[in-house]
Amino acid sequence: MSVVPQSGGGLARGGGSANLYDVLELILDRGLVIDIFIRVSLVGIEILKIDIRIVVASVDTYLRFAEACNRLDLESGRKAPSQLTDLVGDTMESGARGKSKGALSGAGEAITDTIRSVTGKDDEPEEEEKKETAERRRPARRSSRREKSASREEE
Amino acid sequence: MAVYVYSITPKDHPLRLDGLEGVGASSPPLRTVTAGLLCAVVSDAPEELRPKRRDIGRHQEVQQRLLEDGTVLPLRFGYTAPDESTVRQALEERGDEYADRLRRVENCVEYNLKASQDEEMLLREILTESEPARRLNDEIRAGTADPDAPLRLGEMVAGEVQARQESLASGVIEALRPFAQEVDSSPPTGADFLNVSFLVTDEQDELFLATELSLAHQMGEGFEFRLNGPLPPYSFS
């Protein structure tokens with residue numbers, strides 16, 4: 001029996017189209033190229049390139065952003081979770097504005113905090129909620145990895 | 001007879017190819033071509049190849065299987081050699097180089113991480129935190145702004161979006177860099193602000209995954225992290 005990890009490797013095994021889509025660019029655009037080999041002409045491969053994000057600096061983008069801002073109702077908007085604001089705040093400080101603290105230290109602290117909350121017992125209720133959301137988004141990834149390491153150890 | 005080439009492995013790789021099918025409508029069986037200390041995994045080349053789910057999936061499954069049992073250099077999808085002797089020639093002529101590349105990825109897997117942020121949340125943050133943007137937005141909404149105001153607001157906001165997303169991306173990358181051998185960042189696509197691959201050793205694996213998971217939790221609502229792996233080292237071959 002072969003153990004194929006669910007995500008990434010699970011393209012044809014119920015990994016879902018999101019998965020295939022997410023690793024498509026790696027399969028089609030990375031990997032070793034041997035120059036004396038010939039690439040089969042691949043119709044449709046350029047579709048991928050078109051999807052590369054368009055540079056933000058264009059009049060169309062400006063107007064779209066302005067419109068989206070005009071539509072926002074700031075008063076009734078839900079407040080972003082405080083931790084998120086902290087992290088964004090921290091990483092922003094390393095940005096073009098150059099305040100005192102860097103992205104590295106900010107994100108580093110953030111990680112230490114959550115490693116504690118994931119491994120430790122001092123979870124706050126709101127932390128639990130977020131964890132559930134994140135885990136729903138990425139099912140079976142960690143367990144599939146364990147299967148893989150287990151299969152390696154058996155050899 | 002032209003052959004489609006999937007991967008290069010060390011000669012001592014178990015090369016468990018049973019049950020795998022090659023690309024193309026005829027689903028050809030896989031075989032190996034050996035030269036020196038290296039092996040290439042090949043099949044008869046199909047007459048026609050299109051980047052369809054079935055064939056891309058098969059190419060990927062070969063790599064994934066080889067990764068489970070040892071070290072593999074995955075080739076990019078779609079490469080063929082005119083015949084087996086050309087494959088042998090490639091393995092002989094560039095054998096040292098491929099052996100080096102194989103050593104570089106030994107006991108390693110690739111993880112690819114993509115992330116996006118809810119746009120409305122991001123714009124809300126910007127308007128909350130940037131006084132000039134908020135004032136301009138208020139004026140436009142009140143109808144008291146000049147006709148150029150939307151363009152100025154948009155430019156201001158676009159600049160903020162880019163700066164924030166770039167620093168978020170580099171924050172995430174730097175947070176994970178200590179748990180990877182190598183990092184390969186690419187332009188994000190679609191609504192993503194991050195698209196990065198990490199080469200992670202067996203020893204680093206647990207910590208890398210734990211850190212990534214906690215980062216995703218930390219960013220919280222409004223962010224979507226999509227981690228794919230363990231993958232063959234496409235980005236580091």
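The values are calculated or read from the model by the stated rules, or taken from the named source; none is laboratory data. As the structure is a prediction and not an experimental result, all values here were calculated from the model. Glycine gets a Cβ as well: all are built from the backbone with ideal geometry, and neighbour counts include every protein chain shown. Only protein heavy atoms, including side chains, enter the accessible area calculation; ligands, DNA and RNA are left aside. Shrake-Rupley method; radii C 1.70, N 1.55, O 1.52, S 1.80 Å.
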Exercise. Might you let me know whether the stretch B:133-152 holds any residue that is without any contact (Cβ under 8 Å) to a residue 60 or more places away in the chain, under 30 Å from B:Leu207 (Cα atoms) and in contact with a helix residue (DSSP H, G or I) (Cβ under 8 Å, 6 or more places away or on another chain)?
Key: no
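Of B:Asp83, B:Asp55, B:Asp18, B:Asp44, which residue is within 12 Å of another protein chain (Cβ to nearest Cβ), crowded, with 17+ Cβ neighbours inside 10 Å and charged (D, E, K, R)?
Working: B:Asp83 fails: crowded, with 17+ Cβ neighbours inside 10 Å; B:Asp18 fails: crowded, with 17+ Cβ neighbours inside 10 Å; B:Asp44 fails: within 12 Å of another protein chain (Cβ to nearest Cβ).
Unique residue meeting the criteria: B:Asp55.
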Exercise. Considering only the stretch B:228-237, state which residues are open to solvent by less than 10 Å² (accessible area, probe 1.4 Å) and at the interface with another protein chain (Cβ under 7 Å from one of its Cβ atoms).
Key: B:Asn228, B:Gly229, B:Pro230, B:Leu231, B:Tyr234
Quiz item: Would a scan of the stretch B:100-123 turn up a residue that is assigned by the TED database to the domain that holds B:Pro187, buried (at least 17 other Cβ atoms within 10 Å of the Cβ) and free of Cβ contacts under 8 Å to residues at least 12 places away in the same chain?
Solution: no
Practice problem: Considering every residue within the stretch B:40-47, establish whether at least one is at pLDDT 95 or above, in contact with a strand residue (DSSP E or B) (Cβ under 9 Å, 6 or more places away or on another chain) and not aliphatic (A, V, I, L, M). | Solution: yes
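Each row is one residue, and each column tells you yes or no for (1) at the interface with chain A (Cβ under 7 Å from one of its Cβ atoms); (2) aliphatic (A, V, I, L, M).
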| residue | (1), (2) |
| --- | --- |
| B:Pro29 | no, no |
| B:Thr34 | no, no |
| B:Leu37 | no, yes |
| B:Pro51 | yes, no |
| B:Val62 | no, yes |
| B:Arg76 | yes, no |
| B:Asp100 | no, no |
Quiz item: Can you name every residue in the stretch B:61-106 that is among the polar types (S, T, N, Q), more than 17 Å from B:Leu38 (Cα to Cα) and touching a helix residue (DSSP H, G or I) at 6+ places or on another chain (Cβ under 9 Å)?
Solution: B:Gln64
Quiz prompt | Subset of the stretch B:1-14 that is under 22 Å from B:Arg76 (Cβ atoms) and more than 24 Å from the chain's Cα centre (by Cα) - its residue that is surrounded by the fewest Cβ atoms within 10 Å (Cβ to Cβ) | solution = B:Met1
Exercise. Could you check, for the stretch B:156-177, whether at least one of its residues is within 19 Å of B:Pro230 (Cβ to Cβ), among the acidic types (Asp, Glu) and at pLDDT 95 or above?
Key: no
Exercise. Tell me which residues, restricted to the stretch B:168-195, are closer than 16 Å to B:Glu212 by Cα, touching a residue at least 60 places away in the same chain (Cβ under 8 Å) and either in contact with a Gly (Cβ under 7 Å, 6 or more places away or on another chain) or surrounded by fewer than 19 Cβ atoms within 10 Å (Cβ to Cβ) (or both).
Key: B:Gln181
Quiz prompt | Those residues of the stretch B:128-155 which are under 23 Å from B:Asp192 (Cβ atoms) and open to solvent by less than 90 Å² (accessible area, probe 1.4 Å), in sequence order | solution = B:Gly154
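Conditions tested, residue by residue: (1) among the hydrophobic types (A, V, I, L, M, F, W, C); (2) under 24 Å from B:Leu127 (Cα atoms).
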position: B:Val157; (1), (2): yes, yes
position: B:Leu176; (1), (2): yes, no
position: B:Gln181; (1), (2): no, no
position: B:Phe225; (1), (2): yes, no
